[in-house]
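Everything on this sheet refers to the single structure shown next.
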Amino acid sequence: MKTIALDLVLVGFGHVGRRFARLLQEQEKTLGRMHGLAWRVIGIATRSHGIAFSPAGLDVSQALTLVEGGGTLAKLRGNQATGPRATLGSAAELIEQATHADDADRVQVMVETTLLDIMRGQPAIDHVRKALRAGAHVVTANKGPVAFAYRELDEFATALGRSFLFEGAVMDGIPIFNLVRETMPAVTIRGFRGIVNSTTNHILTEMERGRSFAEALSEMQAAGIAEADASHDVDGWDAAAKAAALLNVLMKADVTPRDIDRTGIAALTPAMLAEATRQGQRLRLVVSGGVRDGKPYGRVAPELVPATDVLAQLTGMQNALVFDTDLLGDVAIVQLGGGLTQTAYALLSDLVSVRRRLQA
């Protein structure tokens, strides 16, 4: 098998970005032996630790040590991106510089893992545009580009002969988009329902067990799953962004998270959860979408789910999606465990997809 070498530019180096970097190291031999994929990281842009660039490749282990120790990438060996503009604000300059590295034998890929701006999908959308325009392939775990600008970016990438992949945008490393794209030819997705936010499902499960909302949320924050400001999860914005992504990609809609009918879990109490259980039901934050009167619709809201429903069986960080299809009926895919490794794996699997497309 011919080995294809990828030069990676990591835009965002938070929990997910750093776990992805470690996963690359852990799987380096497997990627080479089983998939003919070699890699090196030539650029890293962070929000508060500066940026780094070297066309010869950066020391990923040292970068991890510096950032996790509260240091700056300006001290990284071989870094050519020092100076007053060495911050995430200059990520666009890094993308431009890194994707024009003079090495025709290598392929440039931007891996985007910045935080989601739920109102605009930025800065991720601009990062994707910039990278595609510069000739790079794009892999992202950020929901923003597919929830706000999927059609534009997908058409742009196709016209340029580049990949724009985002498997980690909805259910960590579980292959939602690849499942439909690669293994369900001629099948039409008519609708979906599911649980796609690990933080809220964990909170509701723990409240059923008698724990407080605050205790359950703190656990997720300590694990790096929920942000310090968890309003995106609790208020249903994260699930709304995922609903928009599913509608845009699988049902050819043009919606944003603001178009999704949204209710979070803040008003739910332990007494309400206990009463639902007594009635043989569960309260879960359910996302759903489909077509109504010829128009796409999406909804995120707490729902009473019968105890026999697959969604009622999900506890803790477990997620699931049930697709309503024209030829296969209901098709469910369940995630029994989620976390940083699973999200990082989605980025890794997309890299393998880029390599396969290049070989084809």
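When +1 charges are put on Lys and Arg Cβ atoms and -1 charges on Asp and Glu Cβ atoms, the dipole computed for the range 161-232 relative to its Cα centre reaches about 420 debye. Ordering of 240-250, 191-201 by packing is 240-250, 191-201, highest average first (other Cβ atoms within 10 Å, averaged per residue). Centre-to-centre separation between the Cα atoms of the range 330-360 and those of the range 147-171: 15 Å. Take the residue pairs Lys2/Lys242; Lys2/Lys130; Lys130/Lys242; Lys2/Lys75 and return only those whose Cα atoms are more than 27 Å apart. Listed pairs above 27 Å: Lys2/Lys242; Lys2/Lys130; Lys2/Lys75. Extension gain, Ala267 to Ser212: 0.36 nm times the residue separation minus the Cα-Cα distance gives 18.5 nm. Taking other C-beta atoms within 10 Å as the exposure proxy, Val111, Val67 rank Val67, Val111 from fewest upward.
Taking label points 7 Å from Cα along the Cα-to-Cβ direction, Ile333 and Ala223 give a separation of 2.1 nm. When the charge dipole of the chain is built from unit charges on Cβ atoms (+1 for Lys and Arg, -1 for Asp and Glu) and taken about the Cα centre, the candidate among Leu348, Gly298, Ala149 whose Cα reaches farthest toward its positive end is Leu348.
Ranking Thr256, Ser48, Ala159 by Cα position along the charge dipole of the chain, where only Lys, Arg, Asp and Glu carry charges on their C-beta atoms, puts Ala159 farthest toward the positive end. Rounded to the nearest 0.05, the FRET efficiency derived from the C-beta distance between Glu68 and Arg33 at R0 = 35 Å is 0.75. Note on Ala5 and Leu115: their simple-model spin labels are 3.7 nm apart, each label 7 Å out from Cα toward Cβ. The charge dipole of the chain, taken about its Cα centre with unit charges on the Cβ of Lys, Arg, Asp and Glu (plus for the first two, minus for the last two), comes to roughly 540 debye. Taking 7 Å steps out from each Cα toward its Cβ at Glu26 and Gln80 produces label points 3.2 nm apart. Helices that extend 20 Å or more along their long axis by alpha-carbon positions and average at least 0.0 on the Kyte-Doolittle scale are, among the DSSP H runs of the chain, 340-359.
Scan (i) 1.06; (ii) 1.03; (iii) 0.98 for the value of Rg/Rh (Cα atoms, Kirkwood Rh) calculated from this model and give just the label. Answer label, from the structure shown: (iii). Dipole size of the range 124-244 about its Cα centre, with +1 on Lys/Arg Cβ and -1 on Asp/Glu Cβ: approximately 560 debye, rounded to the nearest 20.
Readers should treat all values here as calculations from the given coordinates under stated rules, not as data from a laboratory. Computed from a prediction, not measured in an experiment: that's the story for all the values here. Neighbour counts are summed over all protein chains in view; Cβ atoms, including those assigned to glycine, are modelled from backbone coordinates with ideal geometry.
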